[in-house]
Amino acid sequence: SQWGEENLQALSIQEGEDVTMNCSYKTYTTVVQWYRQKSGKGPALIILIRSNEREKRSGRLRATLDTSSQSSSLSITGTLATDTAVYFCATAGNMGYKLTFGTGTSLLVDP
Amino acid sequence: GGIITQTPKFLIGQEGQKLTLKCQQNFNHDTMYWYRQDSGKGLRLIYYSITENDLQKGDLSEGYDASREKKSSFSLTVTSAQKNEMAVFLCASSTEDERLFFGHGTKLSVL
């Protein structure tokens, strides 16, 4: 799981495997966003799930949100070597504007 | 589509030096952000701006100044570079529903 002041977590898997990353957050949020950051690039939004949704799918990505436990997960099915990146979750409170980012999960997919 | 352009890509400074990082966006977004990313850590918000000439401090604003003279540009100044400081500074702009678009970053090294 990512959050708080923990160091970056790392996962290493083989191409074709499925993977799930977890994110816990501390304060109320109206939305959880998941970003992917490839080496040398800025983060890019890959999926967004709102507080009134329990699950969201986009291609090989699936995000879940459990507001009661203040946690979200991102699953990738049939991983590819090109999924190698750092994945961040980000949350926003009622006031908006100030997205708070988790510490990130580094995913390495071996071809 | 649009793009976030950060200049310079690499910045090498001396201890105590004032250093300025620039960011341009052509999304016509109202809100812009500066984040700092340290190796193996998450993103921490330095400053954000919700409109031209507006500035809001983030969690890491001490030691930095910002300027938003035009809607399309947002600059960040490191007021006094710290010896051995090394980080990536990421600029972003956001849609009204708080989806962020990031630049590729400016990598700072202080000798």
Next item on the list: Being of a type in the set (Ser, Thr, Tyr) and modelled with pLDDT of 95 or more is the filter here, so list the residues in the range B:81-97 that pass it.
Entry: B:SER93
Item checked: Entirely in the range A:54-111, the strands (runs of 3 or more DSSP E) that have 1 or more residues that are more than 20 Å from A:GLN37 (Cα to Cα) -> A:55-58, A:61-66, A:71-76
Item checked: Unmet criterion (only one of (1) of a type in the set (A, V, I, L, M, F, W, C); (2) open to solvent by less than 30 Å² (accessible area, probe 1.4 Å); (3) touching a Lys or Arg at 6+ places or on another chain (Cβ under 6 Å)) for B:VAL88 -> (2)
Check: Restricting attention to the range B:69-111, and to residues there that are within 14 Å of chain A (Cβ to nearest Cβ) and basic (Lys, Arg), which single residue is nearest to the chain's Cα centre (by Cα)?
Finding: B:LYS107
Note to self: Here's a check for you: in the range B:1-50, which residue that is of a type in the set (Phe, Trp, Tyr) and over 17 Å from A:GLY40 (Cβ atoms) is nearest to the other protein chains (Cβ to nearest Cβ)?
What the structure shows: B:TYR48
Item checked: Hits in the range A:6-15 (condition: within 11 Å of another protein chain (Cβ to nearest Cβ) and of a type in the set (S, T, N, Q)) -> A:ASN7, A:GLN9
Margin query: Can you name every one of the strands (runs of 3 or more DSSP E) wholly within chain B that holds 3 or more residues which are within 19 Å of A:ARG36 (Cα to Cα) and of a type outside the set (A, V, I, L, M)?
Written below: B:31-37, B:86-94
Note to self: Pairs please, first residue from the range B:78-91 and farther than 14 Å from B:THR7 by Cα, second anywhere and polar (S, T, N, Q), Cβ atoms under 6 Å, 6+ apart in sequence or on different chains.
What the structure shows: B:ALA81/B:GLN17; B:MET86/B:SER109
Note to self: All but one of (1) within 13 Å of another protein chain (Cβ to nearest Cβ); (2) at pLDDT below 95; (3) surrounded by 15 or more Cβ atoms within 10 Å (Cβ to Cβ) hold for A:ARG50; state the number of the condition that does not hold.
What the structure shows: (3)
Notebook entry, point to check: Can you tell me how many residues in the range B:41-64 are under 24 Å from B:ILE12 (Cβ atoms) and open to solvent by 80 Å² or more (accessible area, probe 1.4 Å)?
Noted result: 3
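Conditions (1) open to solvent by less than 30 Å² (accessible area, probe 1.4 Å); (2) under 10 Å from the mean Cα position of the chain (by Cα); (3) farther than 19 Å from B:SER93 by Cα; (4) away from every other protein chain (no Cβ under 11 Å), marked per residue:
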| position | (1), (2), (3), (4) |
| --- | --- |
| A:GLU17 | no, no, yes, yes |
| A:LYS41 | no, no, no, no |
| A:LYS56 | no, no, yes, yes |
| A:ALA63 | yes, yes, yes, yes |
| A:LEU74 | yes, yes, yes, yes |
| A:ALA92 | yes, no, no, no |
| A:THR100 | no, no, no, no |
| A:THR105 | yes, yes, yes, no |
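The values are calculated or read from the model by the stated rules, or taken from the named source; none is laboratory data. For clarity, every value in this text was computed on a predicted model and none was experimentally measured. Backbone-built Cβ (ideal geometry, glycine too); neighbour counts: all protein chains shown. What goes into the accessible areas is simple: the full protein's heavy atoms, side chains included, and nothing from ligands, DNA or RNA. Shrake-Rupley method; radii C 1.70, N 1.55, O 1.52, S 1.80 Å.
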